[in-house]
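For reference, the structure is listed below as structure tokens.
The values are calculated or read from the model by the stated rules, or taken from the named source; none is laboratory data. All values reported here derive from a predicted model rather than from experimental measurement. Every residue, glycine as well, gets a Cβ built from its backbone with ideal geometry; the counts of neighbours run over all protein chains shown. We work out accessible area using only protein heavy atoms, side chains counted, and drop any ligands, DNA or RNA first. Shrake-Rupley method; radii C 1.70, N 1.55, O 1.52, S 1.80 Å.
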Amino acid sequence: MNALTQNERNALARAVLELDVNNHAGVMSHVVGLFSRRAYNVDGILVMPVGDGGKSRIWLLVNEDARLPQMIKQVEKLEDVLAVRRHGADHAVFERLEEFFQA
Amino acid sequence: MSATPTEIRNAAAEAACRSAVETLSGAQIVVRLLERQGITTVAGIPGGAILPLYDALSETDRIHHVLARHEQGAGFMAQGMARATGKPAVCLASSGPGATNLLTAIADAKLDSIPIVAITGQVPKAMIGTDAFQEVDTYGLTIPITKHNFLVSSAEELLDVIPRAFTIAASGRPGPVLVDIPKDVQNQRIEVTEWPAPGLPEPAPAADAAAILAAVEMIAQAEKPILYLGGGVVHSGAAPLAVALAEKASLPTVMTLMALGAMPVDHPLSLGMLGMHGARCTNLALDECDLLIAVGARFDDRATGKVAAFCPGAKIIHIDIDPSELDKIKTAHVGIAGDVGEVLRALLPLVQPTLRKRWLSHVAGLKVAHPLQTPGIDDPRTHYGLIAAVAAALDDEATVATDVGQHQMWVAQAYPLRRPRQWLTSGGLGTMGFGVPAAIGAALAEPQRTVVCFTGDGSILMNIQELVTAAEEGANVKIVLMNNATLGLVYQQQTLFYGERIYASKFQAVPDFIKVAEGFGIRAVDLDRADQPRAALAEALNTPGPCLIHASIDRHEKVYPMVPPGASNKDMIGG
């Protein structure tokens, strides 16, 4: 996650990605490593197990630039990623979290 | 090396007959699963954290262990087996430096899509994270260079992980898989009641039929099409189908470095290798084409040159098993995700036979006007002449491996490759040191073949220790050392692009490679001292067993033509 100013953040178009993944050690590392080694900014990450804990859901708040479709294809190739859904930046999942991130 | 699916099933059936409840260690389970997988040869080096697995290996006579002298050598031996046969191959290493030494071979397999399964020992689970002796985060280190990796936390998990590792390595776009097994997991004893099925490749999803029809239409409409074959054609076993498509639709055909051998170079439609060191006629024809049919190729920068200027007037059909390759570098007009063999099989009957007289005669004209220049090809004491003389002494059954550098490009240009999997070279990562261990692996996997390894004096020193492995195994490898006492491609770039400021590319001290080879226990022939180099060469190549063939070449010789890095392919220097 690169440090961006509030102004820069507001200026960038963003997207929310919803990933269904297997829940075991290392999965987060595979997912975030993919973004960091391509210097692709991830602004927010939210992960919780779902159901009986065998699966997790990862929510990523990312910049929307020309590389995003390629990033999504790369994420889809990961063995432990079961599904990827793309949403607009106004998705409720990060909006509702704002109260926990007051300066 | 590994067996065919039928052999694997037979082996599994046989194993099932003697199934009863057994109490086995994790290490014994791994060995049994490798046997069931049909693995008959593995390469590796033991060490503390993988000793339980080696102890279990000592109990089987169904797996031959090749003791490499450096883990990178073991990794490239596995690659040689996998590249020659197309089936996943196995290398082993201990924790810490054993694992880090494997990394280059694993990264190389990732970039060239080679199915290998690397098994590493790890410190016991309780010691992970304590900076234990020979502890390194193998899992973390290998995330970016594997297709997938595992850190196994119990012996039970091995029953799932090992077959899955083989399935992942061989399915879709092949690639390396690493399995890291802590020492206590190797020692953990569990009851095994049932064995899992061996891990076989999963079929690729079916391709989009509408896209195939669109491609057929584009091929019918094109006036100046070119077929562009990549390594995926070899991996998919689709070379005969690609040649059939070229013939049916009159498609001049270019190949990437990885695809050489897919279409015989002397096929009338072959334009040989494209890109940075392709012949002028090849890059010029591409510059004019109006349709580029990319099959199992990934528009690598060494193939395309400056992307914006690559095939500027062409529509693009791109067929690849990896959906992330479509539209990655060049946006395709028709992108087809699927196994290239299956797509070509579907495409072929729909394509109308076409005789593109005008285009074919124009391409023939380009070939006459701008052929590959191979000065000295009739003189075995020159670089091209040596390559031609080696080819003349062998038939198409021989396998040709290379290291990385000028010699690699000269062989890619001038060796008459005619068979898929005949050609083993490090393309994507460009790893010096690849050649000798990869050739040993290929020779062990296919002992009936002669394996020639062209190398340079720079490359060979990067894995020279494996000469003693070749001697120990009696591997039928013929190492042709083109010695110019120089890091040739560096010297060439410094000469052409750095104002002739030659720095750190000329070796001041050069080993006596004849003595080195003999010291390692393999035969050596010095062509420099041979009165009749052709006869000496033929004798050396056709005598079974390992042999080093030494030939001095001129350091001023360049690989031409050359597209300067970052330039357009039509702006070639030389040649």
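Before moving on, here are some points about what is shown:
- Yes/no for B:K125 being surrounded by fewer than 18 Cβ atoms within 10 Å (Cβ to Cβ) and touching a strand residue (DSSP E or B) at 6+ places or on another chain (Cβ under 8 Å): yes
- Cβ pairs under 7 Å, 6+ apart, first in the stretch B:254-277 and within 18 Å of B:G575 (Cβ to Cβ), second of a type in the set (S, T, N, Q) and part of a strand (DSSP E or B): B:S270/B:T253; B:L271/B:T253
- Scanning the stretch B:377-394 finds no residues that are closer than 30 Å to B:P225 by Cβ and not hydrophobic (A, V, I, L, M, F, W, C).
- Scanning the stretch B:459-471 for residues that are farther than 20 Å from B:L417 by Cβ, open to solvent by less than 10 Å² (accessible area, probe 1.4 Å) and not charged (D, E, K, R) returns B:I460, B:N463, B:L467, B:T469, B:A470.
- Taken together, B:G172, B:G230, B:G237 contain a single residue that is open to solvent by less than 10 Å² (accessible area, probe 1.4 Å) and either in contact (Cβ under 8 Å) with a residue 12 or more places away in the chain or more than 13 Å from every other protein chain (Cβ to nearest Cβ) (or both), which is B:G230.
- Apart from one condition, A:V42 fits all of (1) within 14 Å of chain B (Cβ to nearest Cβ); (2) crowded, with 16+ Cβ neighbours inside 10 Å; (3) at pLDDT below 95; the exception is (1).
- No other residue among B:D528, B:D554 is surrounded by fewer than 20 Cβ atoms within 10 Å (Cβ to Cβ), on the phi < 0 side of the Ramachandran plot and in a loop (DSSP other than H, G, I, E, B) apart from B:D554.
- From the list B:A297, B:A388, B:A308, B:A364, the lone residue that is part of a helix (DSSP H, G or I), within 30 Å of B:R83 (Cβ to Cβ) and more than 14 Å from chain A (Cβ to nearest Cβ) is B:A388.
- The residue that is modelled with the lowest pLDDT, counting only those in the stretch B:11-28 that are more than 33 Å from the chain's Cα centre (by Cα) and hydrophobic (A, V, I, L, M, F, W, C), is B:C17.
- Residue within the stretch A:62-71 that is among the aliphatic types (A, V, I, L, M), within 13 Å of the chain's Cα centre (by Cα) and within 27 Å of B:G175 (Cα to Cα) present: yes
- Taking the listed residues B:A242, B:A238, B:A214, the one that is among the small types (G, A, S) and more than 30 Å from the chain's Cα centre (by Cα) is B:A214, with no other qualifying.
- For B:D180, the conditions (1) part of a helix (DSSP H, G or I); (2) acidic (D, E); (3) open to solvent by less than 50 Å² (accessible area, probe 1.4 Å) all hold with the exception of (1).
- Selection count, the stretch B:326-339, where residues are acidic (D, E) and more than 9 Å from chain A (Cβ to nearest Cβ): 1
- Flag: B:N149 does not match the condition of being in the same structural domain as B:G80 (by TED's automatic domain parsing) and open to solvent by 60 Å² or more (accessible area, probe 1.4 Å).
- Any chance B:G140 is open to solvent by 10 Å² or more (accessible area, probe 1.4 Å), within 12 Å of another protein chain (Cβ to nearest Cβ) and under 30 Å from B:L350 (Cα atoms): no
- Selected residue (only one of B:E191, B:E202 is open to solvent by 70 Å² or more (accessible area, probe 1.4 Å), farther than 30 Å from B:V136 by Cβ, free of Cβ contacts under 8 Å to residues at least 40 places away in the same chain and acidic (D, E)): B:E202
- Screening B:V234 with (1) more than 29 Å from B:Q406 (Cα to Cα); (2) assigned to a helix (DSSP H, G or I) gives one miss only, at (1).
- Of all residues in the stretch B:60-73, none are closer than 17 Å to B:A165 by Cβ, buried (at least 23 other Cβ atoms within 10 Å of the Cβ) and in the same structural domain as B:I114 (by TED's automatic domain parsing).
- Of all the criteria given as (1) open to solvent by 10 Å² or more (accessible area, probe 1.4 Å); (2) under 18 Å from B:L355 (Cβ atoms); (3) assigned to a helix (DSSP H, G or I), the one not satisfied by B:H267 is (3).
- Reported count of residues in the stretch B:270-289, each being of a type in the set (K, R) and in a loop (DSSP other than H, G, I, E, B), is 0.
- Set B:K248, B:K224: member being touching a Pro at 6+ places or on another chain (Cβ under 6 Å) and either of a type in the set (V, I, T) or open to solvent by 10 Å² or more (accessible area, probe 1.4 Å) (or both): B:K248
- Among residues of the stretch A:15-30 being within 10 Å of chain B (Cβ to nearest Cβ) and in a helix (DSSP H, G or I), the one that is surrounded by the most Cβ atoms within 10 Å (Cβ to Cβ) is A:H30.
- Of the criteria (1) within 18 Å of A:L12 (Cα to Cα); (2) within 14 Å of chain B (Cβ to nearest Cβ); (3) basic (K, R), which one A:R86 fails: (2)
- Verdict on B:I316 being part of a loop (DSSP other than H, G, I, E, B) and in contact with a Lys or Arg (Cβ under 9 Å, 6 or more places away or on another chain): no
- Matching option when the condition is within 24 Å of B:M562 (Cα to Cα) and open to solvent by 20 Å² or more (accessible area, probe 1.4 Å), among B:L394, B:L372: B:L372
- Restricting attention to the stretch B:421-456 and to residues that are aliphatic (A, V, I, L, M) and surrounded by fewer than 24 Cβ atoms within 10 Å (Cβ to Cβ), the residue that is nearest to B:K110 (Cα to Cα) turns out to be B:L429.
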